[in-house]
Amino acid sequence: MNKTELQKMAVEVRKGIVTGVHAAKAGHPGGSLSAADVFTYLYFEEMNIDPENPGDPGRDRFVLSKGHTAPGLYSALAHRGYFPVEDLKTLRHIGSHLQGHPCIQHTPGIDMSSGSLGQGISAAVGMALSAKLSQDSYRVYTLLGDGEIQEGQVWEAAMFAGHRKLDNLCVIVDNNGLQIDGPVDQVCSPYPIDRKFEAFNFHVISVADGNDFDQLKAAFDEARATKGMPTAIVMKTVKGKGVSFMENQVGWHGKAPNDEEYAIAMADLEKAGEALCQK
Amino acid sequence: MSEVKKVATRQSYGEALVELGREHENLVVLDADLAAATQTGKFRAVFPERHIDCGIAESNMIGIAAGMAATGKVPFASTFAMFAAGRAFEQVRNSVGYPHLNVKIGATHAGISVGEDGATHQCNEDIALMRTIPGMTVINPSDDVEAKAAVRAAYEMDGPVYLRFGRLAVPVINDGPDYKFEIGKGVTLREGQDVAIIATGLCVNSALEAADLLKAEGIGARVINIHTIKPIDADLVVKAAKECGRLVTVEEHSVIGGLGSAVCDVLCERQPAPVKKIGVQDVFGESGPAVKLLEKYRLDGKGVYEQVLEFVK
């Protein structure tokens with residue numbers, strides 16, 4: 001896809017997020033929206049995957065370590081064709097395959113159950129190690145929150161990945177700067193994130209705007225070309241990106257929009273989509 | 001009298017892994033800086049590339065095992081019971097149990113027979129913790145023969161398994177020609193109608209010794225080895241309650257949540273009967289030689305015999 005097509009798709013992914021969380025009357029729109037562009041890039045451009053064959057052993061893997069942003073991943077999967085986009089309206093409903101956090105047993109295209117923060121990265125490391133042992137060529141991607149990296153297990157996993165030189169592993173940190181209790185640097189600062197991963201023997205790529213597809217492409221190309229060590233992409237993003245009243249608002253970490261807010265959010269996204277069509 | 005052959009089940013675990021490793025390319029062994037203690041060093045010596053030392057980071061080790069299982073490997077994640085079931089409980093629950101991944105957890109140094117290291121390393125809670133996880137199979141073998149059979153059976157089944165092993169060398173009791181291991185099937189080792197002693201792990205041998213002493217008193221004790229605590233052999237337990245009327249459970253584990261509780265869970269719904277739970281009585285362990293600790297906590301043959309006698313009199 002070219003940049004405009006990716007941007008248009010990201011608008012659709014965002015609509016799916018807002019629709020799902022609104023229908024669920026619960027969920028995490030803020031961090032789903034900040035990561036909507038990276039979800040789109042991974043599933044429509046970067047990863048070697050086939051929605052017709054979600055269990056292909058040779059596919060690239062993705063582990064959503066920040067599992068609470070499942071609405072974003074679900075929306076990307078649905079738009080990529082893993083299941084009907086209509087299903088997004090069943091998010092968090094009883095009997096739905098779209099659980100509050102990703103579940104490998106329920107949803108086509110989910111490579112690992114996750115949601116208890118800090119655990120997903122370890123599974124991703126295990127997958128990358130597994131590929132190395134069998135000399136398989138697939139790559140493994142995992143997305144972490146900047147609050148999540150307060151969990152000690154993240155650094156256990158990072159130490160191991162660096163030690164094992166897992167260059168088929170790409171760790172992405174969604175640095176939107178906010179966690180439930182407030183700005184990350186006020187709650188318990190994870191900064192400097194880049195230097196921490198460097199110290200754990202990662203190749204670190206800092207992305208100034210993780211909501212920009214040119215910058216994402218450059219970062220993932222560089223990660224792919226990096227040999228002999230794992231890569232960490234630390235990307236600055238805007239929490240709530242694309243919905244005017246949610247942007248950079250900590251209150252929208254884990255709250256669903258009411259009907260009125262939903263209408264405004266969808267109007268924002270419609271407008272963004274139309275602007276892209278003028279291009 | 002000929003010397004009784006004694007083997008620690010952790011050693012059986014290490015040896016079984018080597019044997020299985022020769023047969024199965026997809027078997028990998030994970031360890032957290034305890035390769036000598038957990039005996040996975042034996043596997044490392046033969047298959048260095050398939051032995052993954054994760055360093056002192058058990059939570060991460062369980063997660064790595066989950067990721068490897070999700071990509072077609074059969075990982076045996078090995079550490080002390082305290083760290084496998086205790087420290088990494090939530091990783092086992094959420095990264096292994098919930099996705100129902102094919103991870104085998106080899107937990108050594110369970111119970112007070114850890115000995116001198118003392119209470120911090122004596123895990124008497126692991127069976128309780130592990131059996132609450134939906135879909136988790138929990139196996140506590142009683143000797144060398146059973147431990148090796150359990151490792152093989154764990155490999156051959158699809159799904160998460162918690163295997164409990166000990167540090168102390170214990171008598172080999174299952175070396176008869178008819179011995180057969182089947183997950184979820186208890187084994188009646190002695191017939192008797194006066195009381196049923198249901199034991200697990202190294203306490204199976206204590207139960208056998210107790211039964212011999214009880215026999216001298218004219219008490220016929222049935223001895224049942226429950227090596228699989230989950231899924232438990234409910235029919236065998238119910239049958240014992242029907243035929244013997246009263247039961248004693250024996251385990252090197254807290255009396256809260258372990259074999260005794262699992263047996264009572266079955267009986268309270270299907271065949272209510274008086275049950276005496278012998279085990280670690282809601283206390284922490286302590287340092288000391290393993291054999292002496294088993295005596296002190298009344299989990300040796302004599303201690304079990306005395307407690308059964310008090311119960312049936």
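The values are calculated or read from the model by the stated rules, or taken from the named source; none is laboratory data. Only a predicted model underlies this, so the values are computations on that prediction, with no experimental measurement involved. Every residue, glycine among them, receives a Cβ derived from its backbone with ideal geometry; neighbour counts consider all protein chains shown.
Is it fair to say residue A:263 is part of a helix (DSSP H, G or I) and either surrounded by 17 or more Cβ atoms within 10 Å (Cβ to Cβ) or in contact with an Asp or Glu (Cβ under 7 Å, 6 or more places away or on another chain) (or both)? Criteria not met by residue A:263. Among A:180, A:172, which is surrounded by fewer than 24 Cβ atoms within 10 Å (Cβ to Cβ) and touching a residue at least 60 places away in the same chain (Cβ under 8 Å)? Within the list A:180, A:172, the selection yields A:180.
The criterion of at least 3 residues that are among the β-branched types (Val, Ile, Thr) is met, among strands (runs of 3 or more DSSP E) falling completely within region B:184-275, by B:195-199, B:247-254. The set of residues from region A:115-139 being more than 7 Å from chain B (Cβ to nearest Cβ), more than 15 Å from residue B:65 (Cβ to Cβ) and touching a helix residue (DSSP H, G or I) at 6+ places or on another chain (Cβ under 7 Å) comprises A:115, A:117, A:118, A:138.
Of the numbered criteria (1) over 30 Å from residue A:11 (Cβ atoms); (2) away from chain B (no Cβ under 13 Å); (3) in contact with a Gly (Cβ under 9 Å, 6 or more places away or on another chain), the one residue A:192 fails is (3).
Go through the residues of region B:39-61 one by one and say whether even a single one is more than 10 Å from chain A (Cβ to nearest Cβ), at negative phi and crowded, with 24+ Cβ neighbours inside 10 Å.
To start, the set of residues in region B:39-61 that are more than 10 Å from chain A (Cβ to nearest Cβ) comprises B:39-48, B:51.
After this cut, where a residue has to be at negative phi as well, the list is B:40-48, B:51.
Checking which are crowded, with 24+ Cβ neighbours inside 10 Å leaves us with B:40, B:43.
So far as region B:39-61 goes, yes, one or more of its residues are more than 10 Å from chain A (Cβ to nearest Cβ), at negative phi and crowded, with 24+ Cβ neighbours inside 10 Å.
Only one of the listed residues (B:147, B:199) is surrounded by 24 or more Cβ atoms within 10 Å (Cβ to Cβ), at pLDDT 95 or above, in contact with a helix residue (DSSP H, G or I) (Cβ under 8 Å, 6 or more places away or on another chain) and not assigned by TED's automatic domain parsing to the domain that holds residue B:84. That residue is B:199. Taken over region A:23-34, residues that are surrounded by fewer than 22 Cβ atoms within 10 Å (Cβ to Cβ) and in a helix (DSSP H, G or I) amount to 2. The set of residues in region B:170-183 being over 14 Å from the mean Cα position of the chain (by Cα) and part of a strand (DSSP E or B) consists of B:171 alone.
Would you tally the residues in region A:140-165 being within 11 Å of chain B (Cβ to nearest Cβ), touching a Leu at 6+ places or on another chain (Cβ under 9 Å) and either crowded, with 24+ Cβ neighbours inside 10 Å or within 18 Å of residue A:219 (Cβ to Cβ) (or both)?
Step one: of region A:140-165, the residues within 11 Å of chain B (Cβ to nearest Cβ) are A:140, A:142, A:151-161, A:163-164.
Then keep just the ones that are touching a Leu at 6+ places or on another chain (Cβ under 9 Å); that gives A:140, A:142, A:151, A:153-154, A:160-161, A:164.
Subset that is either crowded, with 24+ Cβ neighbours inside 10 Å or within 18 Å of residue A:219 (Cβ to Cβ) (or both): A:140, A:142, A:153-154, A:160-161.
Residues meeting the conditions: 6.
Would you mention how many residues in region A:124-166 are in contact with a strand residue (DSSP E or B) (Cβ under 9 Å, 6 or more places away or on another chain) and polar (S, T, N, Q)? Counting residues in region A:124-166 that are in contact with a strand residue (DSSP E or B) (Cβ under 9 Å, 6 or more places away or on another chain) and polar (S, T, N, Q) gives 3.
Residues that are in contact with a Ser or Thr (Cβ under 8 Å, 6 or more places away or on another chain) and of a type in the set (D, E, K, R) within region B:242-267 comprise B:251, B:252, listed in sequence order.
Identify, from the list A:83, A:62, the residue that is touching a residue at least 24 places away in the same chain (Cβ under 8 Å), more than 10 Å from chain B (Cβ to nearest Cβ), more than 25 Å from residue A:25 (Cα to Cα) and of a type in the set (Phe, Trp, Tyr).
After applying the criteria, what remains is A:62.
Taking each residue of region A:209-230 that is touching a residue at least 40 places away in the same chain (Cβ under 8 Å) and under 13 Å from residue A:139 (Cα atoms) and looking for partners that are assigned to a helix (DSSP H, G or I) and of a type outside the set (Asp, Glu) with beta-carbon atoms closer than 6 Å, six or more apart or interchain, yields A:230/A:161.
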